[in-house]
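Just so you know, all these numbers are worked out from the coordinates, no wet-lab data involved. Everything numeric in this text was worked out from a predicted model, so none of it was measured. When we count neighbours, we look across all protein chains shown, and the Cβ atoms used for this are built from the backbone with ideal geometry, even at glycine.
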Amino acid sequence: MIVHQKKILRICALVMFVSGMVILFSTLYPIFSYEWDASQKYPSLISPLVDEETASFVFDGRDFTKLHNWFEDQKVLKEGDSEIEFFTLSIPKLKIDNAIVRIGGDELSGSLIQYPGTALPGNIGNAVIFGHSILPQYYDPKNYLSIFSLLGELSQGDLVYASLKGKIFVYEVFNSFEVRPTDLGILEQSSDGSYLSLITCTPPGHPLKPKRLIVRAKLVDIRE
């Protein structure tokens, strides 16, 4: 009887150990995998000013569902003063369909957010749009807490659609890079065309959010 109980305890211990390792692997592997891929795609952190640009999400005392925590020394975002309060964004490759982009604000759990003062889609300048990300295995294009988890999979030539004022503005991805949290150059405006900058924290799921991924796209078409 005692021998039988010991055998059961050993089996239970083994099952718990294996389960723990699986959970640990599924949490750490996506982060290390992203870092490996990023080291090939983005060999160094650059400045975008160089010729172009319901679990707890509180880490290190900062809540990363609040946009003002994404960049060091950044002021709290204010509501946009534009007559347009929101528009929608679609990214077919990531199965994102008509996601709401709110202009201004600080809460990333209910929408994407466009930084106030940056150009609206279709206008000359740079529409800077932020989205939250978590571990890729929990990606859901309809959940704003995970909506930009696969942003790094976008590559040159992929299309992004911004819809507002009854028009669809078609943007084509041409570049992507990573920056440090101290680099606010990504908010800079352009005068040679209409651009989108899609931004999220990387690696997705990393508790300290050490870098920011920027995906840049340029307006190539306007549809009624």
Practice item. Could you work out how far the C-alpha centroid of segment 78-145 sits from that of segment 159-224, in angstrom? Key: 10
Check your understanding: Using r as the Cβ-Cβ distance of Glu188 and Arg223, and R0 as 30 Å, what FRET efficiency do you calculate, to the nearest 0.05?
Key -> 0.60
Study note, to complete from the structure: With x for Gly and Pro, the residue-by-residue ³J(HN,Hα) of segment 135-150, computed from phi through the Karplus equation 6.51 cos²θ - 1.76 cosθ + 1.60 at θ = phi - 60° and given in whole Hz, is 4, x, 5, 9, 4, 9, x, 9, 9, 5, 7, 10, 4, 9, 5, 9
Practice item. Kindly write out, for segment 181-197 in residue order, the coupling ³J(HN,Hα) from the Karplus curve 6.51 cos²θ - 1.76 cosθ + 1.60 (θ = phi - 60°), rounded to whole Hz, with x marking Gly and Pro. Key: x, 7, 8, 9, x, 5, 8, 4, 9, 10, 10, 9, x, 9, 10, 10, 10
Review point. From the phi of every residue in segment 111-120, what ³J(HN,Hα) in whole Hz does the Karplus formula 6.51 cos²θ - 1.76 cosθ + 1.60 yield, where θ is phi - 60° and glycine or proline is x?
Key: 5, 6, 10, 8, 5, x, x, 8, 5, 6
